[in-house]
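Engineer: For reference, the structure I am asking about is given below.
The values are calculated or read from the model by the stated rules, or taken from the named source; none is laboratory data. Everything quoted here is computed from the prediction, not taken from an experiment. Note that each Cβ is placed from the backbone with ideal geometry, even for glycine, and that neighbours are counted across all protein chains shown. Just so you know, the surface numbers come from the protein's heavy atoms only, side chains and all, with ligands and any DNA or RNA stripped out. Shrake-Rupley method; radii C 1.70, N 1.55, O 1.52, S 1.80 Å.
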Amino acid sequence: MSANDTSYTYEQAGVSIAAGNRLVKAIGPLVKATMRPGADGEIGGFGGFFDPKAAGYKDPLLVAGNDGVGTKLKLAIDSGRHDTVGIDLVAMCVNDLIVQGAEPLFFLDYFATGKLDNGVAERVIAGIAEGCKQAGCALIGGETAEMPGMYADGDYDLAGFCVGAVERGEQLTGERVRPGDVLIGLASSGVHSNGYSLVRRLAADKGWKLDRPALFDQERLLIDALMEPTRIYVASLLPIIRAGLINGLAHITGGGLLENIPRILPEGAHAEIDADVWDQSGLMAFLQAQGNIEPEEMARTFNCDVGMVLAVSEDNFAAVIDRLPQDEYSFGQVGRVVEGLRGCTVRGCRGTWAAKADWAATHNV
């Protein structure tokens, strides 16, 4: 056979259809374990079906969102810790839906890599399935893309897509937030999934030993503290939302407290946060000290231990606190909405997070 007669295959080009089929078969039970009313338990079609009526909705508005995990993935890849980044992926999406008052209904994932390693992929997707179970949504499909030449050996990327629903008229848009509202803070589980480019830069420049006990917690490896998955707040918040007790919710992601709280404020309302209400965690103190990070930079880069902020009327404050599960680590009242320019001020007598942002001016609103 001459060179011109050589028979090529897709696998010779670096893509194994058989490996992909094996992965689909392996994750079938994981997907089935996430099923809920409105979704069946099958994958492998060209799309996934969901029936809002079977989920109990009469006149729903659909709310959609998508997100990723960012460079936290690089830490997962470099450390071989692939089991929890799937939870991060789901959390970043469903927490963005719950702040709209929407119940997450179904989730789809996108997993892309240069060469498919089924062992790694299964661990990642198992994490996605676990996140979906925590959020009460069904994993109804996704895409696994093997793309030789696009990624370095061992690298992969993730994206998540989630759709939720809220009955018409019950959505949270922030329009009910008013000066005088109390701000309640719910603790984060760590860095969550934002700020990892800075975390990784510090790790490289300071020579952190990630596989050794953390300076702030000798019973835990530093890498485990950094890889702690993003907390999912859906189960705790959905009943309170449906009881009509919350005026607004802010998911504290990229941009920190300073950038995210103003997103739910109307014109003429300003958020004042008192950082002395909660004790700065060892992890956040470690990051700030290692990077000599200015307070404003901390408050704009990291969640500063607060993963979710609730705006509630003073009359509803006690009822909301009573309904929050103890394991949600509520900080209680962390601030208040006052009259002023749309923005956020974070104060603390120690100066830990003392910073201010005029959100409207910054965003040309």
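Engineer: Where nothing but the Cβ of Lys and Arg (+1) and of Asp and Glu (-1) is charged, how large is the charge dipole of region 98-142 around its Cα centre, in debye to the nearest 20?
Structural biologist: My answer is approximately 60 debye.
Engineer: State the extension gain, in nm to one decimal, for the chain segment bounded by Glu267 and Ser197, taking 0.36 nm per residue of separation less the distance between their alpha-carbons. Intermediate values should be presented prior to the final figure.
Structural biologist: Numbers: separation 70, 0.36 × 70 = 25.20 nm, distance 3.30 nm.
Extra length from Glu267 to Ser197 when fully extended: 21.9 nm.
Engineer: Still on this structure, I have one more. Given a 1.4 Å probe and every protein chain left where it sits, what share in percent of the accessible area of the chain is carbon and sulfur? Walk me through the numbers on the way to the answer.
Structural biologist: Working: 8340 of 16820 Å².
On the chain, the fraction of accessible area on carbon and sulfur atoms equals 50 percent.
Engineer: Loop by DSSP (not H, G, I, E, B), at most 13 other beta-carbon atoms within 10 Å: where is the longest site-free stretch of the chain for trypsin sites (Lys or Arg not before Pro)?
Structural biologist: Numbers: sites that count: Lys53, Lys58, Arg168, Lys209, Arg350.
For trypsin sites (Lys or Arg not before Pro) (loop position, at most 13 other Cβ atoms within 10 Å), the longest site-free span of the chain is 210-349.
Engineer: Here is a follow-up. Between region 162-176 and region 188-235, how far is it from one alpha carbon centroid to the other, in angstrom?
Structural biologist: After rounding, the separation between the Cα centres reads 33 Å.
Engineer: Same structure again: Just grab the label-to-label distance for Glu11 and Leu61, each label 7 Å out from Cα along the Cβ direction, in nm (one decimal).
Structural biologist: Here the modelled spin labels are 5.2 nm apart.
Engineer: Between Tyr110 and Arg168, what length in nm is gained on full extension when 0.36 nm per residue of separation is reduced by their alpha carbon distance? Don't jump to the answer; show the numbers that get you there.
Structural biologist: Working: separation 58, 0.36 × 58 = 20.88 nm, distance 3.00 nm.
My answer for the length gained is 17.9 nm.
Engineer: At a Förster radius of 22 Å, what calculated FRET efficiency corresponds to the Cβ-Cβ distance of Glu143 and Ser79, to the nearest 0.05? Walk me through the intermediate numbers first.
Structural biologist: Numbers: r = 26 Å, r/R0 = 1.16.
Rounded to the nearest 0.05, the efficiency is 0.30.
Engineer: What does the convex hull of the alpha-carbon atoms of the chain project to on average, in nm²? Let's see the in-between values first.
Structural biologist: Details: hull surface 87.3 nm².
Mean orientational projected area (the chain, Cα hull): 21.8 nm².
Engineer: If you don't mind, another one. Sequence neighbours fewer than 8 away in the same chain don't count; with that in mind, list the lysines whose C-alpha is under 27 Å from Lys209.
Structural biologist: Result set, ordered by chain and number: Lys72, Lys74.
Engineer: Say a site is exposed when it is one of the GluC sites (Glu not before Pro), sits in a DSSP loop, and has at most 12 other Cβ atoms within 10 Å; what is then the longest site-free stretch of the chain? Mind dumping the intermediate values first?
Structural biologist: Values: sites that count: Glu11, Glu175, Glu267.
With GluC sites (Glu not before Pro) excluded where exposed in loops, the chain gives 12-174 as its longest stretch.
Engineer: Inverting the mean 1/r over all pairs of different Cα atoms, compute the Kirkwood radius of region 139-288 and quote it in Å. Write down the numbers at each step before the final one.
Structural biologist: On the way: mean 1/r = 0.0525 Å⁻¹.
Averaging 1/r across every pair of different Cα atoms and inverting gives 19.1 Å.
Engineer: Taking 8 Å as the Cα distance limit and 6 or more residues as the minimum spacing, I'd like the relative contact order of the chain as a percentage.
Structural biologist: 19
Engineer: Cut-off under 22 Å on the C-alpha distance; same-chain residues fewer than 8 positions from Lys58 excluded. Which lysines are left, in chain and number order?
Structural biologist: Answer for Lys58, where 22 Å is the Cα cut-off: none of the lysines qualify.
Engineer: Moving to a separate point now. Sort out for me the Cα centre separation of region 112-158 from region 1-39, rounded to whole Å.
Structural biologist: Distance between centres, Cα-based: 13 Å.
Engineer: Residues in region 319-340 near a label at Ser189, defined as backbone nitrogen under 19 Å from the 7 Å Cα→Cβ point?
Structural biologist: 324-331
Engineer: Can you show me the helix-derived [θ] at 222 nm for the chain, built from DSSP H runs with n ≥ 4 at -39,500 (n - 2.57) apiece and divided by the number of residues, rounded to the nearest 500. Each step should come with its number before you reach the end.
Structural biologist: Numbers: 12 runs with 115 residues, N = 365.
Value at 222 nm, helices only, nearest 500: -9000 deg cm²/dmol.
Engineer: Using a simple charge model, +1 on the beta-carbon of Lys and Arg, -1 on the beta-carbon of Asp and Glu, nothing else, what dipole does region 220-313 show about its Cα centre, in debye to the nearest 20?
Structural biologist: 480
Engineer: In a shell of Cβ-Cβ distance under 12 Å around Asp181, excluding Asp181 itself, what net charge do Lys and Arg (+1) and Asp and Glu (-1) give? Can you show the working numbers first?
Structural biologist: Values: positive: Arg176, Arg178, Arg336; negative: Glu272, Glu314, Asp315, Glu339.
With Lys, Arg at +1 and Asp, Glu at -1, the net is -1.
Engineer: Rounded to the nearest 0.05, what FRET efficiency do Lys209 and Val277 have when you use their Cβ-Cβ distance and R0 = 25 Å? If you can, show how the numbers build up before the last one.
Structural biologist: Working: r = 33 Å, r/R0 = 1.34.
The formula returns an efficiency of 0.15 here.
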